[in-house]
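Notes to accompany the following structure.
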Amino acid sequence: MLPENTSTGTEAMVSNLGLPARSQLGLRVYRDLEELGGLRAAWDELLRVYPLSSTFSTWEWLSCWWRSFGQGREMLALALLDADSRLVGLAPFSISKERFAGGVPLRVLRLLGDGSADSDNLDLPARPGFEQVLAETIFRYLEEHRAQWDLCELNTLPVDSPVAEAIAACAVSGKWRCFEYYSEASAVLLPDTWEHYVESISSEDRKNLVRYTQRLNRRYKTQVYRVTKEEELPRCLDALFRLHQGRWQSAGEPGSFSSPARREFYAGLSRNLLSRGWLELWVLELDGEIAAVQFAFRYRDTVYQLQEGYDYSRPSDRIGYVLRGEVLKRLISDRVRKYDFLGGEDAYKARWGAEPGRYRRICLARPLTAAGFLLWLVDASQRSKNWLRRTLPSPIWRLLHRISIIARGKWGANTGTNAE
């Protein structure tokens, strides 16, 4: 058993996991953001040596996310320390009360950053050589503190996350319910030069990049720049929110930035990332007015593109298209080697040379529990749905799918939404 005191930041020795004597490790449990902030220097060092590190695992990202979306959630961050009090692994979680599978209330354990549809590529960083022991420590903690949670859902994991792989193996060997799923992602691997990049896309897109850029320059006084000063942020973020909302609301959709919490998150996150030199907030102005904004951020040699907005009322100008081309050109010159579109595999991404990738999702529940039965039921339903999709003629499948959508709207069923 891993003992835990109720106070924040309490240490306990990990002594019964079958580890070598040289690996006497301590577990520290954090339930408060201010206390967790004491790990910042060690956290940075851990990410420096973890090969799969990304912006989404940083203090800068997760602290901002918690401040904006943490209400109604309980923090549970597990820090693994070696005999020299060096941070060797970090498992940042949150627990929230949610309605699962059409309305069943459960306590859901998620990775910190998950639950608001804002974070991708969430992970459990560990120093090389400590991946297995971190996974075993997490698994044992969840086993011994089963009263705190019902269902564990780990979303948007890198497919090659070593700790996630080991956790799934622990769950299977422990006879837990364990289901795994995959979702699409895509990214562009950038070459050394812009010339090599444009050779890799279609001849039509190659010509269009030149044609639309030149036409925009003839029609307007054009300026493209990256935000480098904090005083520039309010104007540029307001433009992002306005342009993004305008496009989606014109299509009858609410838009991501209808949420005050999300606008607050982007504002705080922008300041955090800018202070570290990681913010890639790009702006296109036409005659002094902001017409397109791209919100991205850099970690090592990868830029992650998260959101964008452009003036949808001028489709013939291809404003968003021109901005992306100019951003890619400048990123290549700055030795960026990967432009990550994150989740989804939309057709327009492939036109920019994006290659398909995947995220992993692991759902866990203890054996002989209601949550475990619900997981099995949802998985069986999904498998049946996939079988029907492959088997039924397309017109019949579309009709059944439409009936399902109407039924969900009528009876208010939802999956994974926060309970009131």
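Each value in this text was obtained by applying a stated rule to the coordinates, not by laboratory testing. All figures in this text were calculated on a predicted structure; none of them were measured in a lab. Please note: Cβ atoms are built from the backbone with ideal geometry, for glycine as well, and neighbour counts cover all protein chains shown.
Applying 1/(1 + (r/R0)^6) with R0 = 51 Å to the Cβ-Cβ distance of Ser258 and Gln24, what FRET efficiency is obtained, to the nearest 0.05? Provide the component values of the computation, followed by the final result.
Values: r = 51 Å, r/R0 = 1.00.
Computed FRET efficiency for Ser258 and Gln24: 0.50.
All other residues with a Cβ under 15 Å from the Cβ of Arg318 taken together, and with Lys, Arg as +1 and Asp, Glu as -1, what is their net charge?
Around Arg318, the surrounding residues sum to +4.
Springs join every pair of Cα atoms under 10 Å in this Gaussian network model of the chain, and among His145, His196, His244 the largest mean-square fluctuation is at His196. For the stretch 191-336, the dipole from Cβ point charges (+1 on Lys and Arg, -1 on Asp and Glu) about the Cα centre works out to 140 debye, to the nearest 20. Computed FRET efficiency, Cβ-Cβ of Asn217 and Thr193, R0 22 Å: what is it to the nearest 0.05? Efficiency computed from Cβ-Cβ geometry: 0.45.
Full-extension gain between Ser381 and Thr369, please, as 0.36 nm times their residue separation minus the C-alpha to C-alpha distance.
2.5 nm
Under the simplified labelling scheme, the Asp205-Gln71 pair shows an inter-label distance of 4.1 nm, with each label point 7 Å from Cα along Cα→Cβ. Sorting Cys152, Cys236 by the number of Cβ atoms found within 10 Å of their own Cβ, with the fewest placed first, yields Cys236, Cys152.
Can you put Val283, Val303 in order, fewest other beta carbons within 10 Å first? Mind showing how you got there, number by number?
On the way: Val283 20, Val303 26.
Neighbour counts put them in this order, fewest first: Val283, Val303.
Each Lys or Arg adds one and each Asp or Glu subtracts one; over the other residues with Cβ under 10 Å from the Cβ of Arg219, this totals +2. Of the residues Leu111, Phe130, Tyr310, the one whose Cα sits farthest towards the positive end of the charge dipole of the chain is Tyr310 (charges of +1 on Lys and Arg Cβ, -1 on Asp and Glu Cβ, taken about the Cα centre).
Each Lys and Arg Cβ is given +1 and each Asp and Glu Cβ -1; about its Cα centre, the chain then shows a dipole of about 1340 debye. Beta bridges from DSSP with both residues in the chain: antiparallel share about 90 percent, rounded to the nearest 5. Among Ala239, Val224, Phe297, whose Cα sits farthest toward the positive end of the charge dipole of the stretch 191-336 (+1 at Cβ of Lys/Arg, -1 at Cβ of Asp/Glu, about the Cα centre)? My answer, from the dipole projection, is Val224. Label positions at Arg351 and Thr228, each projected 7 Å from the Cα along the C-beta direction, are separated by 3.2 nm.
Taken over the stretch 191-336, the convex hull of the Cα atoms encloses 114 Å³ per residue. In the chain, taking the dipole from charged Cβ atoms about the Cα centre, the farthest positive-side position among Ala171, Ser259, Ser53 is held by Ser259. Rounded to the nearest whole Hz, the Karplus-based 3J(HN,Hα) values (6.51 cos²θ - 1.76 cosθ + 1.60, θ = phi - 60°) of the stretch 230-245 follow the sequence 4, 5, 7, 5, x, 5, 6, 5, 4, 5, 4, 4, 5, 5, 5, 5, with x at glycine and proline.
The angle between the Cα long axis of helix 260-276 and the longest principal axis of the Cα atoms of the chain comes to about 90 degrees, rounded to the nearest 10.
Each of Lys338 and Arg276 was given a label point 7 Å from its Cα along the Cα-to-Cβ line. The distance between the two points is 1.6 nm.
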